[in-house]
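Working notes, structure below.
The values are calculated or read from the model by the stated rules, or taken from the named source; none is laboratory data. None of these values were measured; they are calculated from a predicted model. Heads up, the Cβs are rebuilt from the backbone with ideal geometry, glycines too, and the neighbour counts pull from every protein chain shown. Calculation scope for accessible area: heavy atoms of the full protein, side chains included, ligands and nucleic acids excluded. Shrake-Rupley method; radii C 1.70, N 1.55, O 1.52, S 1.80 Å.
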Amino acid sequence: MTEQTRSTTPSRTARQTAAKPAVMPTRRDIKFNLPAEKIADWHDAGGPQFAAFLNTFSIVLPVGERFFIEAVRAHRDLIQDPELQKAVTAFIGQEAMHGREHEEYNEALFAVSKVAPKFERLVGRLLNFAKERSPKSFRLSTTIALEHFTALLASQVLENEQLTKDIEPRFSALWYWHALEETEHKAVAYDVWETVMGRGPRAYLERAGGQVLATLIFWALVTPTFLEVVREQGRLTDMAGWRKFMRYAFGEVGLIRRLVLPWADYFRPDFHPWDHDNREYLKEIDGFVARHAQLQAAA
């Protein structure tokens with residue numbers, strides 16, 4: 001079942017209770033050694049604007065994932081179920097590895113962009129403000145909102161081979177690995193939320209409000225930064241590149257277009273991340289890790 005073909009009557013295995021994770025994540029220590037010289041043009045098929053869009057998204061990942069870790073960890077003492085505790089530990093480990101690899105990714109971008117490090121500092125200040133001034137439940141609602149968004153992006157990467165095919169292989173491998181692990185742990189923070197907040201009206205209003213606020217802030221920050229990164233590269237008037245971008249973002253490939261309906265599904269009162277049951281892609285993890293290890297050894 002794909003993100004776009006959710007069953008209206010999910011199976012019991014797809015809709016686990018908050019105390020019983022449907023999938024147990026695993027922390028994997030993998031390095032990608034990205035070629036810094038390809039940072040602006042690693043996605044030939046989607047063009048430099050599409051690469052710039054994904055590069056801009058990468059900027060927020062290390063600081064965002066640290067925020068997610070702290071938001072989930074703040075509720076750890078309230079979790080009684082040992083399986084969910086184990087899943088939280090693996091979630092934290094995976095997010096830490098993602099942050100490390102995207103920090104290396106971002107260093108290559110920071111070397112050629114003035115706006116990128118400024119944007120990272122801005123996002124960091126906003127998240128620190130949230131940590132200092134907002135309640136723990138608000139920080140967790142923001143986390144599950146953005147985890148839903150990243151899970152949908154991950155699903156697109158796994159389902160649509162055009163997003164990772166015929167591009168620089170190490171960048172392709174990093175995004176594919178990230179998508180696999182985001183899928184593997186996509187319900188962990190949400191299960192923590194339901195464990196500590198339940199499914200009552202207050203919990204629903206707080207998570208729905210968190211999604212609206214997180215979405216508005218995310219796009220209000222990312223969109224102008226993306227355009228500034230493109231401007232720095234001298235690509236604002238590159239119409240051929242924009243045509244590729246539109247095809248990959250909104251047209252035939254449609255990374256962003258395909259997110260809209262699954263994103264809105266979050267507002268169902270009985271929503272759970274595994275209603276979008278794409279766990280069949282997780283069968284690829286062990287093979288992917290083995291192939292990547294062989295490539296790294298041969299490099």
Legend entry - Between 0 and 90°, nearest 10: helix 115-133 axis offset from the chain longest Cα axis: 10
Inset, instruction - Using a 1.4 angstrom probe on heavy atoms only, work out the carbon and sulfur share of the accessible area of the chain in %. - result: 59
Inset, instruction - Give me the angle, in degrees from 0 to 90, between the Cα long axis of helix 201-232 and the longest principal axis of the Cα atoms of the chain, rounded to the nearest 10. - result: 10
Legend entry - Cross-link table LYS31/LYS244; LYS165/LYS283; LYS86/LYS283; LYS118/LYS165; LYS114/LYS244, entries beyond 27 Å C-alpha to C-alpha: LYS31/LYS244; LYS118/LYS165
Inset, instruction - Specify the angular offset, from 0 to 90 degrees and rounded to the nearest 10, of the alpha carbon long axis of helix 188-197 from the longest principal axis of the alpha carbons in the chain. - result: 40
Inset, instruction - Would you calculate the separation in nanometres between label points at MET239 and GLU284, each defined as 7 Å from the Cα along the Cα-to-beta-carbon direction? - result: 3.6
Inset, instruction - With viscosity set to 1.306 mPa s and temperature to 10 °C, compute the Stokes-Einstein D of the range 128-170, Rh being the Kirkwood radius across alpha carbon pairs; µm²/s, no decimals. - result: 125
Inset, instruction - Relative to the compact-globule scaling 2.2 N^0.38 Å, provide the ratio for the alpha-carbon radius of gyration of the chain. - result: 0.97
Inset, instruction - Determine how many Å³ per residue the convex hull of the Cα atoms of the range 38-166 encloses. - result: 111
Legend entry - Solvent-accessible area of TYR281 with every protein chain in place, 1.4 Å probe, in Å² to the nearest 10: 40
Inset, instruction - Could you please put LYS244, LYS118 in sequence from largest to smallest accessible area, using a 1.4 Å probe? - result: LYS118, LYS244
Inset, instruction - Once you have a ≥ b ≥ c as the square roots of the Cα gyration tensor eigenvalues for the range 205-269, tell me rounded if a/c is under 1.5, and otherwise prolate or oblate according to whether a/b is larger than b/c. - result: oblate
Inset, instruction - Using only the Cα atoms of the range 67-115, build the gyration tensor, take square roots of its eigenvalues as a ≥ b ≥ c, and label the shape rounded, prolate or oblate: rounded if a/c is under 1.5, else prolate if a/b is larger than b/c, else oblate. - result: prolate
Legend entry - ARG100 accessible area, 1.4 Å probe, all protein chains in place, Å² to nearest 10: 70
